[in-house]
Amino acid sequence: MSNVLLQVVNLSKSYKDKNYWLNRRCINALEPLSFNIEAHKTLAIVGETGSGKSTLAKLLVGAELPSTGHIRLNGQTLEPGNFKQRCQHIRMIFQDSGTTLNPSLTIEQLLDEPLQLNTDLDELERYQLIRETLQKVGLLAEHMNFYPHMFSGGQKQRISLARAIILQPQVIILDEALASLDPSLRSQMINLLLDLQQQMGLAFILISHNLGIVRHFSDEMMVLYKGKVLELGKTTDILQNPQHKHTKKLIMSQRFQLLNR
Amino acid sequence: MNLIDIRNLSIELKTATKPILAVDHVNLKMREGEVRGLVGESGSGKSLLAQAIIGVLDEKWQVHVDRFHWRGQDLMRLSPEERKAVITKDVAMIFQEPMACLDPTATIGEQLEEAVDVAQLSGFFWQKRQQRKLAAMNLLHKVGIKKHQACVKSFPHQLTDALCQRVMIAMALARRPILLIADEPTAAMESTNQGQIFRLLASLNQLKNMSILLISHDLENVTHWTNTITVMYSGQFVEAGTTEQIFNQPYHPYTRALVDSSPKASSMIPNKSRLMTLPGSIPILQHLPIGCRLGPRCPRAQQKCVHAPKIKSYHDHQVSCHFPLKDSYS
Ligand SMILES: Nc1ncnc2c1ncn2[C@@H]1O[C@H](COP(=O)(O)OP(=O)(O)O)[C@@H](O)[C@H]1O
Ligand SMILES: Nc1ncnc2c1ncn2[C@@H]1O[C@H](COP(=O)(O)OP(=O)(O)O)[C@@H](O)[C@H]1O
Ligand code: SF4
Ligand SMILES: [Mg+2]
Ligand SMILES: [Mg+2]
């Protein structure tokens, strides 16, 4: 238990269904669930559309308030309202984060923003940190004065990654962040993420449909179905020996696509 | 018979100084009833090529082609208007973002009825109106939408992405095309919905013998659904062959890299090891390398590669590289 970084206890979320009169009905987007993640480890979350993956991600970064349960980081409970504390330690990268960068800011300004909001570093320290972070994601210090439109899609992804790691978080959530990338870019990005995990001890939560990436990238995996956890365990165990028929179907559909050739 | 046979198609972007060769001497051949994948990372010129085929590029672009045969007919002998008429009759196209292609202010039913081919209708106008409605329902049925009553009354924003794409396919089917060009039809969708659309296209191919040019940036994604594949990179022809040849024994270093870069659910590379990948990224039009455009990223590049390679043909497997990997398979 000593290595546990993130501890999720009985977390759940229900939304009021707006289509029903007087809001009497609720949708259980996520039934109560618990899990732990250690530093250096990746937890993959798979499940079909609407199974609650993004809801879980939003609860973890604090973009939504949970209906029940709580989250502990290094043994400390994260207060639901304390965004500053949470922003620093748990960061998220979205699917098309490359296109969500503010086009009117330079790369330096884009990276400076989270530092000004979340740290007490002075200008020189911030400048140094931005330099180092750009190097970590394979960009150059000279890129600081560039605007987002001057970069290729892959470089923009690197900038969003730089933005995610600059506060030296402990957990990064990737919600389908790799899905729409070109394959050669995607493998570059995976290599980079794995390097950073090794260097910084990051824990990743990887939401992905691609079981190839899940197999390669993750240590443990969780299968969600209609807001419930079907399976949770070592990735290799679940992929080799799925217990639930729904998991089997998921694995078969992708294996069939590849092995049939 | 060949459905389409295109040789040395080039597309130039006119600029104030000198024109840029965005698509550089590409070949594309399809047989009747074939599903061909057109694969290459974003910016390879796949969409430009498709737009050139159906003749919808604006005057910014200049297209040259040595040969353009459609079902045995030499289209280059026809006037541009005649060519356009042949193509609009037989070829339909669907795009990446179905929602954006539909009119947000009209119901699905209205838009479908609009798309119905007038030649299929007969009788007086009130009879035609009824026939249109029926034809629209039929189209929805063909693309596997069971709740057509609800669907025709909906506006585009009320439907999911995958449903909208089905509607787009239904509209494309209205003219009974012989070739359907699907330009990344599932790129904006979650992959559980992607399967639906691919299965629908496959069934249309089998039941109606409709040929399909399936464009994708992800080789792995389309291998299950195609008979043959053409690979492009940065506007140049890379390789073409059967899906098996391309996926199992690629001759071109770029195709090899595409195949090797994706971790597969079944493969045996160690967990968390480094994946094979090409360094750098695809060049922009303003900075195209001379000769083989893969040169700066290619692990096999040598001096000779500053000259564009000629296409070599091994039976049905064509490759454009000075140093193909053909001999590395024994
Ligand atoms: N803001 C919201 N209001 C109401 N229902 C929501 C909201 N966000 C998500 N849901 C519902 O919660 C369920 C899970 O959604 P989501 O977490 O986005 O799934 P996934 O990411 O696995 O596709 C879905 O049924 C969805 O309709
Ligand atoms: N309207 C345009 N104006 C200028 N350049 C364009 C335009 N459309 C496409 N391009 C450029 O042409 C090249 C090929 O584009 P495209 O055919 O869209 O590639 P793909 O469909 O393979 O992603 C790219 O470098 C792209 O930036
Ligand atoms: S021609 Fe040269 S640079 Fe181009 S793919 Fe072949 S070896 Fe590589
Ligand atoms: Mg989601
Ligand atoms: Mg395109």
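How many residues does segment B:90-134 contain that are loosely packed, with under 13 Cβ neighbours inside 10 Å and within 21 Å of residue B:185 (Cα to Cα)?
Qualifying residue count for the region: 3.
For segment B:170-254, please list each of the helices (runs of 4 or more DSSP H) lying entirely inside it that holds at least 2 residues being closer than 23 Å to residue B:283 by Cα.
B:219-222
Within segment B:145-153, can one find any residue that is free of Cβ contacts under 8 Å to residues at least 40 places away in the same chain, hydrophobic (A, V, I, L, M, F, W, C) and in a loop (DSSP other than H, G, I, E, B)?
Yes: segment B:145-153 contains one or more residues that are free of Cβ contacts under 8 Å to residues at least 40 places away in the same chain, hydrophobic (A, V, I, L, M, F, W, C) and in a loop (DSSP other than H, G, I, E, B).
Tally the residues that are loosely packed, with under 12 Cβ neighbours inside 10 Å, within 21 Å of residue B:26 (Cβ to Cβ) and free of Cβ contacts under 8 Å to residues at least 40 places away in the same chain, restricting the search to segment B:314-330.
Of the residues in segment B:314-330, 1 are loosely packed, with under 12 Cβ neighbours inside 10 Å, within 21 Å of residue B:26 (Cβ to Cβ) and free of Cβ contacts under 8 Å to residues at least 40 places away in the same chain.
Within segment B:234-270, how many residues turn out to be within 16 Å of ligand 2 (Cβ to nearest atom), more than 7 Å from every other protein chain (Cβ to nearest Cβ) and either within 25 Å of residue A:214 (Cα to Cα) or hydroxyl-bearing (Ser, Thr, Tyr) (or both)?
3
How many residues, within segment A:220-254, are farther than 28 Å from residue B:225 by Cβ and β-branched (Val, Ile, Thr)?
Going through segment A:220-254 one residue at a time, the tally reaches 2.
Find all pairs meeting these conditions: Cβ atoms under 8 angstrom apart; at least six residues apart or on different chains; first residue within segment A:175-193 and more than 22 Å from residue A:61 (Cβ to Cβ); second residue more than 16 Å from ligand 4 (Cβ to nearest atom) and among the charged types (D, E, K, R).
So the pair list comes out as A:182/B:41; A:182/B:218; A:183/B:41; A:183/B:218; A:183/B:220; A:184/B:41; A:185/B:41; A:191/B:274.
In segment B:279-296, what count of residues is obtained for those that are in contact with a strand residue (DSSP E or B) (Cβ under 9 Å, 6 or more places away or on another chain) and under 23 Å from residue B:229 (Cβ atoms)?
Within segment B:279-296, residues that are in contact with a strand residue (DSSP E or B) (Cβ under 9 Å, 6 or more places away or on another chain) and under 23 Å from residue B:229 (Cβ atoms) number 4.
With the structure loaded, tell me whether residue B:261 is at pLDDT below 90 and more than 16 Å from ligand 5 (Cβ to nearest atom) or whether it fails that test.
yes
Go through A:188, A:157 for me and flag whichever is of a type outside the set (A, V, I, L, M, F, W, C) and more than 15 Å from residue A:94 (Cβ to Cβ).
A:188
Which of the residues that make up segment B:214-233 are more than 9 Å from every other protein chain (Cβ to nearest Cβ), closer than 28 Å to residue B:12 by Cβ and modelled with pLDDT under 95?
The answer is B:216, and nothing else.
Residue check: is residue B:206 within 11 Å of another protein chain (Cβ to nearest Cβ), under 30 Å from residue B:159 (Cβ atoms), away from ligand 3 (no atom under 16 Å from the Cβ) and not charged (D, E, K, R)?
Considered against the rule, which asks whether it is within 11 Å of another protein chain (Cβ to nearest Cβ), under 30 Å from residue B:159 (Cβ atoms), away from ligand 3 (no atom under 16 Å from the Cβ) and not charged (D, E, K, R), residue B:206 comes out as no.
Can you list the strands (runs of 3 or more DSSP E) found entirely within segment A:42-126 that contain at least 2 residues being modelled with pLDDT under 95, surrounded by 14 or more Cβ atoms within 10 Å (Cβ to Cβ) and not aliphatic (A, V, I, L, M)?
Qualifying strands (runs of 3 or more DSSP E): A:68-73.
Which of the residues that make up segment B:107-139 are closer than 16 Å to residue B:163 by Cβ and part of a loop (DSSP other than H, G, I, E, B)?
Hit for segment B:107-139 is B:107, nothing else.
Just for strands (runs of 3 or more DSSP E) wholly inside segment A:145-261: which have at least 2 residues that are within 14 Å of chain B (Cβ to nearest Cβ) and crowded, with 21+ Cβ neighbours inside 10 Å?
Correct list: A:203-207, A:220-225.
Do you know which of the residues in segment B:289-307 that are within 14 Å of chain A (Cβ to nearest Cβ) and of a type outside the set (Lys, Arg) is farthest from residue B:234 (Cα to Cα)?
Checking each candidate, the answer is B:299.
Could you list, in sequence order, all residues of segment B:213-228 that are more than 16 Å from ligand 5 (Cβ to nearest atom) and buried (at least 23 other Cβ atoms within 10 Å of the Cβ)?
B:226
So, residue B:135, is that one within 14 Å of chain A (Cβ to nearest Cβ), touching a residue at least 12 places away in the same chain (Cβ under 8 Å) and either away from ligand 4 (no atom under 16 Å from the Cβ) or under 23 Å from residue B:89 (Cβ atoms) (or both) or not? Show your work before the answer.
Details: within 14 Å of chain A (Cβ to nearest Cβ): no; touching a residue at least 12 places away in the same chain (Cβ under 8 Å): yes; either away from ligand 4 (no atom under 16 Å from the Cβ) or under 23 Å from residue B:89 (Cβ atoms) (or both): yes.
No, not satisfied.
Out of A:161, A:206, A:250, which single residue is over 24 Å from residue A:110 (Cα atoms) and under 16 Å from the mean Cα position of the chain (by Cα)?
Values: A:161 fails: over 24 Å from residue A:110 (Cα atoms); A:250 fails: under 16 Å from the mean Cα position of the chain (by Cα).
Unique residue meeting the criteria: A:206.
The values are calculated or read from the model by the stated rules, or taken from the named source; none is laboratory data. In this text the structure is predicted, and so the values were computed from the model without any measurement. Positions of Cβ are generated from backbone atoms using ideal geometry, with glycine treated the same way; all protein chains shown enter the neighbour counts.
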